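Okay, so here's the structure we're looking at.
Just so you know, all these numbers are worked out from the coordinates, no wet-lab data involved. Bear in mind that the values here come from a model prediction, so they are computed numbers and not experimental data. As a convention, Cβ positions derive from the backbone with ideal geometry for all residues, glycine included, and neighbour counts pool all protein chains shown.
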Amino acid sequence: MIDYQLKDQVAVVTGGAQGIGLAIATRLVASGAHVSLWDVDATVLTAAGAKLGTAASTIQVDVTDCEAVAAAASQTAEAHGRIDILVHSAGIAGKNAPLDEYDPAEWRRVIDIDLNGAFYVNRAVVPHMKARNYGRIVNIASIAGKEGNPNASAYAAAKGGLIAMTKALGKELAQYNIAVNAITPATAKTRILDELKPEFIDYMLSRIPRGRFLEVDEAASMVGWLVSPENSFTTASVFDLSGGRATY
C-alpha cells in the first residue's frame, strides 16, 4: 500500500462511518491523517470511531441541515486547527421507479441528501481551506451521474449535478491551491444497496465489463492520491471507477 504522507493533516469524511467512506477514512488514517468522521447514524458512527481509534473523531450530523453542517466544520477546525481534506461520501440510492411514476417526495429526499447536502458540506469547508491557501476535496459521485440508470432518475440527476458542481468549484478554487475532483464509482457492495430492488442490482452488475462490483478499498486507493500533496495540478476533473462501464 502506498503511503501518501498525510501526517498532521486533518480530513473530514462525510458518510464516514461505513462503506466507501469508512474505507477511505481507514486509508487516510494509515497515511498519518487525523480524520473527523461525519455521519447521521450514531450507532455506526460510534463503532467506526472505536475501530479507527485516537486518529479519528466523530460528529453526528445530517448533511441536509445547512446550519448543522456549518457548525460541524467550525467544530472540526477549532478542535484540530485546520481542515486540509474533504471527502464527501454521504449519500443514498433512493427508491426505484420509472420517472413518470416517481414519488415527488422521494425525488426531493434524494436530491436533498445527494446534491443539496454536498453543496452544504463543500460550502462549509471551503472557507477553512481558502484561509490557509491549501486543500484537497473529493466528492463521491457515481457512474449513474454520467450515464444514467433507468428507474433511478433522482439518483442520476443528483450525481450528475454533483459532477457539474465539482467542476465549477474546482475552477473557482484553482488559484488557492485547492484541488477539487470527483470520482464516479460503479456499484459497490455497501448498505446503499439495501434500498434497491434485486433486479436493479442485477442490472447494474450486468453493465460492468469487469463482471464484479467495486471493492471499497479500490475507491480508497484512488482517493488517497487525489487528496494528497502529490496531486498538485489536477482539479475540476472526474475519475472513473466503473470497471469499464464508462463510455466517456
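Observations on the model:
- Working ranking of peptides 146-152, 32-38 by packing, defined as the average number of other Cβ atoms within 10 Å per residue, highest first, is 32-38, 146-152.
- Residue-averaged 222 nm ellipticity for the chain, from DSSP H runs of 4+ at -39500 (n - 2.57), nearest 500: -13500 deg cm²/dmol
- Eligible aspartates and glutamates near residue 159 by straight Cα distance, threshold 18 Å, same-chain separation 8 or greater: 106, 112, 114, 147, 195, 240
- Among the listed pairs 95/146; 7/167; 146/189; 171/197, those beyond 31 Å (Cα-Cα): 171/197
- Scaling the Cα radius of gyration of the range 98-207 by the globular reference 2.2 N^0.38 Å produces a ratio of 1.19.
- Protection proxy ranking, highest mean first, for peptides 17-27, 48-58, 179-189: 17-27, 179-189, 48-58, where packing is the per-residue count of other beta-carbon atoms within 10 Å, averaged.
- Relative pair counts by distance (%), Cα atoms of the range 1-111, 5 Å bins: 2, 12, 21, 21, 16, 10, 7, 5, 3, 1, 0
- Size descriptor, Kirkwood hydrodynamic radius, that averages inverse alpha-carbon separations across the range 79-135, Å: 13.4 Å
- GNM flexibility winner over the chain from 95, 159, 197 (Cα, springs under 10 Å): 197
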